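Report on the structure given below.
The values are calculated or read from the model by the stated rules, or taken from the named source; none is laboratory data. None of these values were measured; they are calculated from a predicted model. Here the Cβ positions follow ideal geometry from the backbone for every residue, glycine too, while neighbour counts run over all protein chains shown.
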Amino acid sequence: MSVRSKQGERVHLAFCYVLLCTLGALMLLPFAWLLRCSLCDARSVLQMIGSLRDFIPAEAHPENYLEVFRTIPFFTYLKNTLIVTVSVVTGTVISSSLCAFAFAFCRVPYRNGLFYGVLATLMLPPVVTLIPTFILFRELGWVDTFKPLIVPAFFGNPFAIFLFRQFFLGLPRDLVEAARMDGATGLDIYIFVVLPLSVPVCVTVGIFAFMGSWNDFMGPLIFLNSQENWTLQLGLQSFLGQQVNQWHLLMAATVLTLLPVVTTFFCLQRYFIRGIALTGVKG
């Protein structure tokens, strides 16, 4: 390789790095603004910024975070959110992996047609089924409980089923066939052969389910009436009143709410990226 081509490659690489760093900074700007507003007082939280120097508050107010705990029952909302989120993640991973195992390894008539029918439900907007779903749960007496938010997760998620199936199709089929020849049942193969090899896709689906449930606002708004059953997303609305909006406390509470999501992603990003990379379209 000539010196000129090496220099051109370095320039191209440097340009890519600069471009990616710029795009990353732009994506982080809203989070920086959120953190800045959480440290402002009620008067300066929404003031116009004329320069980069004005972006940093003249006087930081970390006591806003303590005021959040005095204003709303934050730990009650956190407990409710954890109950719903952990249940949803568990139900989504178990039910979706079971369905995907059947689509990938079980010899049943019209298997592919049924799988495409499951994928077709992704084109149906959730708002279309919102009223019938509410009527169903109301007749069951589940309104103002966590059941409408948890139970549907144990009946499979179409996108999660798709990810699991694509990952399962990439596993060596010789392992499954060898287990069958040794007399293992379908459930034995699922538990002792397939699942131990599926940690990346389980983490990927778990992260998607975690983020969807943790950030869900519409579901709790429709099904939860009592304040003691509210989740964090509903609790954030407590800072928005008819007369006064406590924006600085809302921003501080939002930062506290985002911390578990960001922490979970950074701790599991290795498995998440690997799971996405290994769920290519096969078969």
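Where helices (runs of 4 or more DSSP H) fall entirely within the range 62-167, those with at least 3 residues that are without any contact (Cβ under 8 Å) to a residue 60 or more places away in the chain are at 63-71, 74-105, 111-120, 130-140. Of everything listed in (1) of a type in the set (Gly, Ala, Ser); (2) farther than 21 Å from residue 211 by Cβ; (3) not assigned by TED's automatic domain parsing to the domain that holds residue 230, the single unmet condition for residue 102 is (3). Considering only residues of the range 40-59 that are at pLDDT 75 or above and among the acidic types (Asp, Glu), which is farthest from residue 251 (Cα to Cα)? So, considering only residues that are at pLDDT 75 or above and among the acidic types (Asp, Glu), the one farthest from residue 251 (Cα to Cα) is 59. Here residue 100 passes the criteria (1) of a type in the set (Gly, Ala, Ser); (2) at pLDDT 90 or above; (3) more than 30 Å from residue 184 (Cβ to Cβ) except the one numbered (3). Scoring residue 264 on the criteria (1) assigned to a helix (DSSP H, G or I); (2) modelled with pLDDT of 90 or more leaves a single failure, condition (2).
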